[in-house]
Amino acid sequence: MIAKIMKGSDFKGVVYYILNDEKGIQIIDADGLFLENNDTIAQGFIGQAQMNPRVTKTVGHIALSFSKEDAPRLNNAVMAQIAREYMERMGIKDTQYIIGRHFDKEHPHLHIAFNRIDNNGKTISDKNDRFRSERICKELTKKYGLHFAHGKEQMKADRLREPDKTRYELYQILKTEVGRCKDWNSLLERLKRQGIDVQFKYKGQTNEIQGIVFTMNGYRFNGSKVDRQFSYSKIDTVLSRNNYGERQMQSQANQGEISPISNSVSNLIEGSLGLFSPSNMPEEQQPYDPYLRNKKKKKQRKINW
């Protein structure tokens, strides 16, 4: 479950978008509005918004999207319940709203239009709304046992426009190459072969690198704007980890080449018929073990007593 939050000032525009018959619209919930037609709904929103003329962006518009894996269990009643709980947690309450479900895509999704001027003329806060929304979406996804999508992994590249299309292609390339390279030289060489130029950003007039910029198809992207995992520091950490892992594997391989000999020698010294194990040595030749000595003394005392 993910949410896209938008704000504006055109109630008529958002109402006509949500209640578009071409999208197979179904109104699954509403409150405080006369639902005779699109115009009466828009006029209802506008009338209440006039209670607080100081607010310019009175239109709240949120799209809630779910994974296609959840489609069999998401009927209108369940989707309406999730939408209402989302709104409640976001502080969107005591106000007009309409929730319309669309059927124009393979994944279930709905649109919420609400009045940012509540029934008492007060403004519904949008402070940190995107951060709050992300947290709430995760909580509701877990609560209702919904499928967790993996961000860019679920993206449909053929629907993207530039520069997002190039950004997504760059993301896919970086995901592959950063995972396989062990140092910056090999990474830069591999990226260059695929038409990607890399520039480093330095701190002031020093040689300390603090950022990275990728250029592909004429578009420039900061590493963290492609994805958070592709900032300079995080890429550097992954490359170091890859290099360390390679050295560890090489070290283990080298040890493995001599381990049969070591095991054979060990077996000859310690295990051949047990002739040289401490338990078969004469007592005066056995290594000193205070625990065994004390144990013997205790045993002797019991016998003597």
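Taken together, the values in this text are just the output of simple stated rules run on the coordinates, not laboratory data. Note that the structure is predicted; figures quoted are calculated from it, not measured. Glycine gets a Cβ as well: all are built from the backbone with ideal geometry, and neighbour counts include every protein chain shown.
Quick one, what does Rg over Rh come out to for region 2-149 if you take C-alpha atoms and the Kirkwood Rh? Kindly include the intermediate steps, with their values, before the conclusion.
Working: Rg = 14.8 Å, Rh = 15.5 Å.
Ratio of gyration radius to Kirkwood radius for region 2-149: 0.95.
For a footprinting-style exposure proxy, rank Ile212, Ile112 by other Cβ within 10 Å, fewest first.
Fewest-to-most ranking of Ile212, Ile112: Ile212, Ile112.
Would you mind calculating the gained length between Glu169 and Gln199 on full extension (0.36 nm times residue separation, minus the Cα-Cα distance), in nm to one decimal?
9.0 nm
With an 8 Å Cα cut-off and a minimum separation of 6 or more residues, compute the relative contact order for region 2-149 in percent.
Values: 244 pairs, mean separation 48.3, N = 148.
Reported as a whole number, the value is 33 percent.
Suppose R0 equals 35 Å; then what is the FRET efficiency for Tyr244 and Glu85 from their Cβ-Cβ distance, rounded to the nearest 0.05?
Step by step, r from the Cβ atoms, then E = 0.15.
Which aspartates and glutamates have a Cα lying under 14 Å from the Cα of Lys57, excluding residues fewer than 8 positions away in the same chain?
Partners within reach: Asp10, Asp118, Asp126.
Any of Lys203/Lys225; Lys105/Lys234; Lys138/Lys192; Lys12/Lys225; Lys12/Lys138; Lys4/Lys93 with alpha carbons more than 26 Å apart? Name them for me.
Result: Lys105/Lys234; Lys138/Lys192; Lys12/Lys225; Lys12/Lys138 exceed 26 Å.
What Kirkwood radius, in Å to one decimal, follows from the Cα pairs of region 79-236?
Working: mean 1/r = 0.0520 Å⁻¹.
It is 19.2 Å.
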